[in-house]
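**Q** Next up is a structure, given as structure tokens.
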Amino acid sequence: MRYIEFGANKTKVSEVVLGMMRIWEKTPDEVADLIECGLDCGINAVDTAPIYGPSEGKLGEAFAARPGLRDRVWLQTKLGIRPHPRVKANYFDFSYEHIMESVDNSLRALQTDHVDSLLLHRPDALMVPEDIARAFEELHAAGKVLDFGVSNQNPAMMSRLAHYLPFPIAANQVQISAAFTPMFDAFFNANMENDAAVMRDGGILEYCYDHDMAVQAWSVLQHGYFGGVFLDNPDYAELNEALERIAADHDTTKTAVAINWVLRYPAKMQALVGTTRPERIRQSAAACDWEMTREEWYEVYLSAGHQLP
Ligand SMILES: NC(=O)c1ccc[n+]([C@@H]2O[C@H](COP(=O)([O-])OP(=O)(O)OC[C@H]3O[C@@H](n4cnc5c(N)ncnc54)[C@H](OP(=O)(O)O)[C@@H]3O)[C@@H](O)[C@H]2O)c1
């Protein structure tokens, strides 16, 4: 396993992170087994969020069932996505009151006294950076949160927040996979007249690189917005052939190659893997066993149907 130095605390956190969005059906014992499987492979990081249904509660029960387990992992949660009380949809809330309340609820559900990292989950149009900064400072002073970050935010949002925070923004959690590449597409097509040249995110990867932030890639095996897995998907036949070829060359799996591809970007990268199976956790950890060549990286990109100028 490889590790990055995370946030102001420079905590040693694994590049592969266990994402706990899909553990609805799991018993606390099974959740604890998944975490221990990750630890056996060197994965010391766990990501959750209150909007992931019973995820935080199950993690809390898993920690309670296995004494000492909580202290062996770096634990991250998020906040700010709330079910609307009247409209059948979620809305976003980064108010001071909600931040404080959400963290207390998360700590109670997770059965812990602190989280190692807290992310603002999806941008709230009504967010006031001074209010967020006040909440974060109080949470930090109380020892409830050690590092802070964002998710799905563009550089303008991050830079405004950074202006008011007394500590650096540690991470941005964004969607990246071989089949979901708008950030790379815009980069390659800079100064072109085609649609791929449209930069919708304002240079997130570049901002994170320049500010020494971790880029946490979510849904590293999915296409579209929760479109499904591209591995063994006939719509991505050429991509699967390329992954197979590279996997054979390195005596590994397509899963490991797909994750290696995401981690190859030269920033402080992390890949969040959402599998609920120990075998696939082991395959994911193997993504860190070697570094993809440039030729392999471009082979994956092109085989996924993307074009270069
Ligand atoms: N910040 C955000 O907005 C945001 C949004 C979404 C997710 N996230 C985070 O990112 C984490 C990962 O997201 P994700 O779960 O979408 O990631 P993912 O790892 O791309 O997808 C995991 C899903 O793919 C399935 N899978 C894996 N390998 C497979 C294969 N070879 N064939 C068929 N199915 C396969 C898994 O099934 P099995 O369980 O059966 O292996 C699981 O259902 C989440 O847990 C969450 O922590 C963050």
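Where a number appears in this text, it was derived from the coordinates with a stated rule and is not lab data. Please read these numbers as outputs of a predicted model, since none were measured by experiment. As a convention, Cβ positions derive from the backbone with ideal geometry for all residues, glycine included, and neighbour counts pool all protein chains shown.
**Q** Over region 167-309, what lengths in whole Å, largest first, do the semi-axes of the equivalent ellipsoid take, defined as the square roots of 5 times the eigenvalues of the alpha-carbon gyration tensor?
**A** On the way: eigenvalues 108, 75, 39 Å².
Calculated on Cα positions only, the semi-axes equal 23, 19, 14 Å.
**Q** To the nearest 500 deg cm²/dmol, what mean residue ellipticity at 222 nm is calculated for the chain from DSSP H runs of n ≥ 4 alone, each contributing -39,500 (n - 2.57), summed and divided by the residues? Write out the running numbers ahead of the final one.
**A** Working: 12 runs with 121 residues, N = 309.
After summing the helix terms and dividing by residue count, I get -11500 deg cm²/dmol.
**Q** Per-residue HN-Hα couplings for region 264-271, Karplus 6.51 cos²θ - 1.76 cosθ + 1.60 at θ = phi - 60°, whole Hz, x for Gly and Pro?
**A** Each residue of region 264-271 in turn: 6, 4, x, 9, 7, 8, 9, 10 Hz.
**Q** So what is log10(I(q)/I(0)) for region 97-157 at q = 0.12, 0.15 1/Å, when the Debye sum runs over its Cα atoms only?
**A** These q points yield log10 I(q)/I(0) values of -0.28, -0.44.
**Q** Now a separate question. So what is the relative contact order for region 45-111, in percent, with contacts set as C-alpha pairs under 8 Å and at least six apart? Let's see the in-between values first.
**A** Numbers: 72 pairs, mean separation 27.1, N = 67.
Relative contact order here is 40 percent.
**Q** Now for a separate question. At 0.36 nm per residue, minus the direct Cα-Cα distance, what do Arg22 and Met192 gain on full extension? Give it in nm, one decimal, please. Let's see the in-between values first.
**A** Working: separation 170, 0.36 × 170 = 61.20 nm, distance 3.96 nm.
57.2 nm is the gain from fully extending Arg22 to Met192.
**Q** Quick one: Kirkwood hydrodynamic radius for region 233-285, alpha-carbon pairs, angstrom, one decimal?
**A** Details: mean 1/r = 0.0839 Å⁻¹.
Taking the inverse mean of 1/r over all distinct Cα pairs, region 233-285 comes out at 11.9 Å.
**Q** Please list, ordered by chain and number, the residues whose modelled amide H lies under 5 Å from the amide H of Val16; skip anything fewer than 5 residues away on the same chain.
**A** Arg2, Ala271
**Q** Oh, and also: Using each residue's phi in region 134-147, evaluate 6.51 cos²θ - 1.76 cosθ + 1.60 at θ = phi - 60° and report the 3J(HN,Hα) Karplus result to the nearest Hz, with x for Gly and Pro.
**A** 4, 4, 4, 4, 5, 5, 5, 5, 7, x, 7, 9, 8, 9
**Q** Among 191-203, 122-134, how do they line up from the highest to the lowest mean number of other beta-carbon atoms within 10 Å? If you can, show how the numbers build up before the last one.
**A** On the way: 191-203: 12.5, 122-134: 15.7.
Going by the mean number of other Cβ atoms within 10 Å, highest first, we get 122-134, 191-203.
**Q** How far apart, in nm, are the 7 Å Cα→Cβ label points at Glu238 and Glu101?
**A** 5.1
**Q** For the pair Val87 and Asp249, what calculated FRET efficiency results from E = 1/(1 + (r/R0)^6), where r is the Cβ-Cβ distance and R0 = 41 Å, to the nearest 0.05? If you can, show how the numbers build up before the last one.
**A** Numbers: r = 51 Å, r/R0 = 1.24.
The value I calculate is 0.20.
**Q** Quick check on region 121-223: what does the Kirkwood estimate of hydrodynamic radius come out to from the alpha carbon pairs, in Å? Provide the component values of the computation, followed by the final result.
**A** Working: mean 1/r = 0.0671 Å⁻¹.
By the Kirkwood definition, the hydrodynamic radius is 14.9 Å.
**Q** What residues qualify as long-range amide H neighbours of Ile176, i.e. H under 5 Å apart, gap of 5 or more or another chain, H built at 1.01 Å from N?
**A** Trp218
**Q** Which semi-axes, in whole Å and largest first, does the equivalent ellipsoid of the chain have when worked out from the alpha carbon gyration tensor as the square roots of 5 times its eigenvalues?
**A** 30, 24, 17
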